[in-house]
Every structure is written in C-alpha cells, then in structure tokens.
Ligand code: GLP
C-alpha cells in the first residue's frame, strides 16, 4: 500500500484527482467506483473543474456507486442515488444511463445485490475505486466483522455510522438502519483503490487500516491485501501512524 501525506492539506483532493484523471485519460471508457461522503467531495469538485476547463471528459465513462440506504426513496435528497446524481453525474458530465446505484428499494433486494455484482463484471470490472473511510474503519457501508470475501449485499449500519451520518438527516432516528453495499470482496476486485481521509477524527481508523493487523474488525485494513491501493491523508488524519517517518511519502508533487 502506498501512503501519501501531502504537506498542504488541500493537496489530498488534488493528488487523488490526479490518480482518477490519469485512469480516465488512459481509458475514456473507464469504469469508476463512486464513493459518497464528505471526503471525496474535493475529488469530484476538482474533476468537475477539469471537465469545465476541457482537460478531461467522463462522457464515455461509467460509474458504479459503492452503496445505498435501504428504506428511503430514490428521490430523497440524502439517498445516495440523489447525492451521486447531484454531486457527481451532473457536474462531471457522466451519461446517466451509464451510472449504477445499488437498488435499496428492490422487492427482491438479494437478487438486486447479485445483479449489481454481475453488472460490474459485465462492464469489465472497476478500473479505479474512490473510497472514504468511516471513523470506525468502515469502507462503503462494510461495518466491522464484514467478510473480506463479501459481495454486494444488505448490511446493518453500526450505531456509530448512523450517528455520524445523522448530520445529513433531521436526527439519528431518521437515518436508515439498513443499506446495500458492495462487499469487501467486490471492492478488492477493482484494479486500483484510492482512499482519502481528512481530519483527526479519522486518525485512529486510518492508522489501524494501514498499520494493521488485517482484521474484519477494521474493514479498511482489507486494502493491505490489494496490489494497487493508495491512501492519501492530511497530517491530521495521519497523526496516529507509528511508522510515518519511513513508510509514507510526504508528497509535494503529483503522485504518478
Ligand atoms: C458513509 C459512506 C462511506 C464514507 C463514510 C465516511 O458511511 N457510506 O462511503 O466513506 O460515510 O464519510 P465522510 O467522508 O463524510 O466522513
């Protein structure tokens, strides 16, 4: 795993953007794994700027969202279908017909989950998966004890996750209890993983994910098993690393 702590916190988003942009420039029909949450917002904003400036295009690319709540309508402003449409599809100019979101409203949700993985495979697999991390170490909505070989499935949100995400709802009681999420096994099949984190609230989770041990109690530690995973964090999020001095790149130039 490559770990980068940029000297300038604003470069977390820029370096991650460089990674995603290089994949899309090399392959305009790239398949992008799309995370929600605050952490990747800088990536989408910077990609949108590059689209506006004509440096890059997502017109031929496809996208698969990581996860979705179960039990709220698609049109709810906090459904990930709405968030991805508003924050990613429209500003980056994706063709909406090439964007897939796990179906949290399906009558047969297990079937919908199986078909989601089949859809990723039919698209040729995910070229680059963007990831944030929960303060409890989750990725997507893969909470502690998620199997490293799990596939897209229904999962139950941890109380901490519901509390953390209450800021997007009226209060914690309004946050759905269940979700449908790409499994850790699904995520590990992406050809590249790019995880970003900012702020001291993520420091413990990031240190446990990067320095181990590999454990289903820290789902993000699954990245240690991936051949092409990069973790880009600001100094606050990297403040609990034990081995930062010789294991991390302190970047002041674009990551290749
Ligand atoms: C949610 C999302 C995750 C995201 C996490 C952290 O739980 N399902 O994909 O990584 O929030 O979000 P944030 O970046 O807002 O802290």
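Of the residues that sit in the range 214-235 and are crowded, with 17+ Cβ neighbours inside 10 Å and more than 17 Å from residue 142 (Cα to Cα), which one is farthest from the chain's Cα centre (by Cα)?
The qualifying residue farthest from the chain's Cα centre (by Cα) is 235.
Answer with yes or no whether residue 143 is within 10 Å of the ligand (Cβ to nearest atom), surrounded by fewer than 24 Cβ atoms within 10 Å (Cβ to Cβ), at pLDDT 95 or above and under 26 Å from residue 103 (Cβ atoms).
yes
Between a residue in the range 128-145 that is within 12 Å of residue 230 (Cα to Cα) and any residue that is near the ligand (Cβ under 7 Å from one of its atoms) and not in a loop (DSSP other than H, G, I, E, B), which pairs come within a Cβ distance under 6 Å, given they are 6 or more apart or on different chains?
From the range 128-145, the pairs are 131/139.
So residue 211 clears everything in (1) buried (at least 16 other Cβ atoms within 10 Å of the Cβ); (2) on the phi > 0 side of the Ramachandran plot except one condition, right? Which one?
Unmet for residue 211, out of (1) buried (at least 16 other Cβ atoms within 10 Å of the Cβ); (2) on the phi > 0 side of the Ramachandran plot: (2).
In this structure, does residue 114 turn out to be assigned to a helix (DSSP H, G or I), away from the ligand (no atom under 14 Å from the Cβ) and either under 14 Å from the mean Cα position of the chain (by Cα) or over 20 Å from residue 182 (Cα atoms) (or both)?
No; evaluated as a whole, the condition is false for this residue.
Return the residues of the range 208-217 that are part of a helix (DSSP H, G or I) and either within 16 Å of the ligand (Cβ to nearest atom) or free of Cβ contacts under 8 Å to residues at least 12 places away in the same chain (or both); say none if nothing qualifies.
Selection gives 208, 209, 210.
Residue 3 versus (1) farther than 30 Å from residue 170 by Cβ; (2) within 13 Å of the ligand (Cβ to nearest atom); (3) part of a strand (DSSP E or B): which is the lone unmet condition?
(2)
For (1) closer than 20 Å to residue 161 by Cα; (2) touching a helix residue (DSSP H, G or I) at 6+ places or on another chain (Cβ under 9 Å); (3) crowded, with 19+ Cβ neighbours inside 10 Å; (4) at pLDDT below 95, each residue gets a yes or a no:
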| site | (1), (2), (3), (4) |
| --- | --- |
| 55 | no, yes, no, no |
| 61 | no, yes, yes, no |
| 65 | yes, yes, yes, no |
| 70 | yes, yes, yes, no |
| 75 | no, yes, no, yes |
| 86 | no, no, no, no |
| 94 | no, yes, yes, no |
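If I ask for residues that are surrounded by 20 or more Cβ atoms within 10 Å (Cβ to Cβ) and over 17 Å from residue 233 (Cα atoms), which ones from the range 37-49 would you list?
47
Those residues that are in contact with a strand residue (DSSP E or B) (Cβ under 6 Å, 6 or more places away or on another chain) and within 19 Å of residue 149 (Cα to Cα), I need them from the range 110-123; list them, please.
113, 119, 120, listed by residue number.
Quick one: in the range 20-45, of everything that is assigned to a helix (DSSP H, G or I) and more than 24 Å from residue 165 (Cα to Cα), which residue is nearest to the ligand (Cβ to nearest atom)?
It comes out as 20.
Answer yes or no as to whether residue 177 is at pLDDT 95 or above and farther than 23 Å from residue 16 by Cα.
yes
Look at the range 164-205 and say how many of its residues are closer than 23 Å to residue 70 by Cβ, within 12 Å of the ligand (Cβ to nearest atom) and surrounded by fewer than 16 Cβ atoms within 10 Å (Cβ to Cβ).
Total meeting the criteria: 3.
For residue 81, all conditions in the list (1) in contact (Cβ under 8 Å) with a residue 40 or more places away in the chain; (2) within 16 Å of the ligand (Cβ to nearest atom); (3) part of a helix (DSSP H, G or I) hold save one; what is the number of the exception?
(1)
Since residue 185 meets every condition but one in (1) in contact (Cβ under 8 Å) with a residue 40 or more places away in the chain; (2) assigned to a helix (DSSP H, G or I); (3) closer than 16 Å to residue 127 by Cα, which condition does it not meet?
(1)
The values are calculated or read from the model by the stated rules, or taken from the named source; none is laboratory data. Computed from a prediction, not measured in an experiment: that's the story for all the values here. Every residue, glycine as well, gets a Cβ built from its backbone with ideal geometry; the counts of neighbours run over all protein chains shown.
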